[in-house]
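What follows is a set of notes on a single structure, which appears directly below.
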Amino acid sequence: MVLDDKINEARAAFEKDAAAMPAEQLKTKYLGREGVVRDLLALLKTVPPAEKGAAGQALNGLKA
């Protein structure tokens, strides 16, 4: 699934950025109004209904 790949890319980018950015910038970049997670949530609409549950859980795991 394409969304899984994007989630993994976002997770890897977050881990890389975590070493270089202050926490507030990380929060804005990943969880903010125009953040990475919000963009991924928008892609959730394109996931087939049978896979939405797993994709949603993966996104929630990323947010945590």
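None of the figures in this text is laboratory data; all of them are computed from the coordinates on show. What you see is a predicted model, and the numbers here were worked out from it, not measured in a lab. Because the Cβ atoms are built from the backbone with ideal geometry, glycine has one as well, and the counts that use them run over all protein chains shown.
Looking only at helices (runs of 4 or more DSSP H) that lie completely in region 6-64, which have at least 3 residues being in contact with a Leu (Cβ under 7 Å, 6 or more places away or on another chain)?
36-43, 52-63
Taking first residues from region 14-41 that are more than 22 Å from GLN57 (Cβ to Cβ) and partners that are of a type outside the set (Lys, Arg) and in a loop (DSSP other than H, G, I, E, B), the Cβ contacts under 7 Å between residues at least 6 apart in sequence or on separate chains come to THR28/GLY35; LYS29/GLY35. Looking at region 19-52, which of the residues that are of a type in the set (Val, Ile, Thr) and closer than 20 Å to ASN8 by Cβ is surrounded by the most Cβ atoms within 10 Å (Cβ to Cβ)? By that ranking, first place goes to VAL36.
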